[in-house]
Amino acid sequence: MSYAIIGFGNIGQALAKAFARSGIEVSVATTRDPESYASAAAAIGPEVIPKKLTEAVKADVIFLAVRYESHQDVARTLPTWKGKTIIDVTNAYGVSPEELGGQPSSDVVAQAFTGGMLVKGFNHLASAVLGQDPHIQGGRRVVFLASDEKGAEDEVGLLAERLGFSPIKLGGLSEGGQLVQARGNSWGKLIFKDLVKFE
């Protein structure tokens with residue numbers, strides 16, 4: 001299984017740190033030349049490999065960690081996303097409900113990534129928190145997942161555990177997904193909730 005993070009801002013780098021801590025190789029890409037962020041990637045760890053966007057999207061599992069407004073630009077890099085799992089880490093705060101057609105933002109993102117299996121996740125934590133070691137006093141930091149694709153949600157749940165997190169599944173995008181989605185001037189009820197699960 002291969003992994004990529006598209007977007008290398010604060011959230012993308014926080015995710016890259018989770019992969020490096022766990023010793024799992026991950027590609028990182030932006031629309032810029034990989035050389036422009038190679039030193040930042042190297043500072044995180046050797047597991048973090050800068051690539052061109054067209055190369056990174058060949059991965060099996062892709063974290064979409066760009067601004068919501070940029071998701072269509074990423075989606076256009078492949079004619080079909082069939083067989084790929086897209087983890088939507090975007091937040092549509094400031095995007096009007098009208099612009100989203102009254103839909104949850106992840107539904108809009110899912111429609112752009114034709115053929116792909118979309119899981120909303122890893123987006124409810126601020127980057128400074130997401131980038132920390134998720135093991136806390138014998139517990140693990142929670143990440144919420146929502147998807148209409150049960151198999152993909154299970155797959156991402158296993159990856160979250162490998163990265164040290166405790167995944168909590170919220171159900172479909174139109175139900176549980178609303179709890180971790182932003183639109184207009186409102187945030188879902190679970191956004192910014194920093195929870196730790198103890199076994």
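The values are calculated or read from the model by the stated rules, or taken from the named source; none is laboratory data. Computed from a prediction, not measured in an experiment: that's the story for all the values here. For neighbour counting, all protein chains shown are included, and Cβ atoms are generated from backbone atoms with ideal geometry for every residue, glycine included.
Descriptive notes on the structure:
- Among the numbered conditions (1) out of contact with any helix residue (DSSP H, G or I) (no Cβ under 8 Å at 6 or more places or on another chain); (2) over 13 Å from Met117 (Cβ atoms), the only one that Lys169 does not meet is (1).
- Within the option set Thr77, Thr114, being surrounded by fewer than 19 Cβ atoms within 10 Å (Cβ to Cβ), in contact with a Leu (Cβ under 8 Å, 6 or more places away or on another chain) and either free of Cβ contacts under 8 Å to residues at least 60 places away in the same chain or not aliphatic (A, V, I, L, M) (or both) holds for one residue only, Thr77.
One line per residue, one yes/no per condition, for (1) modelled with pLDDT under 95; (2) closer than 24 Å to Gly171 by Cα; (3) not small (Gly, Ala, Ser):
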residue	(1), (2), (3)
Ser27	no, no, no
Pro34	no, no, yes
Pro50	no, no, yes
Thr54	no, no, yes
His71	no, yes, yes
Arg76	no, no, yes
Lys82	no, yes, yes
Gln103	yes, yes, yes
Val109	no, yes, yes
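- Exclusive hit being surrounded by fewer than 23 Cβ atoms within 10 Å (Cβ to Cβ), not in a loop (DSSP other than H, G, I, E, B) and not charged (D, E, K, R), set Val95, Val129, Val143, Val109: Val129
- Taking the listed residues Gly115, Gly121, Gly151, Gly138, the one that is of a type outside the set (Val, Ile, Thr) and under 12 Å from the mean Cα position of the chain (by Cα) is Gly121, with no other qualifying.
- Residue-level check: of (1) in a strand (DSSP E or B); (2) in contact with an Asp or Glu (Cβ under 6 Å, 6 or more places away or on another chain), Ile49 misses just (2).
- Restricting Arg21, Arg32 to residues that are part of a helix (DSSP H, G or I) and either free of Cβ contacts under 8 Å to residues at least 24 places away in the same chain or of a type outside the set (Ser, Thr, Tyr) (or both) narrows the list to Arg21.
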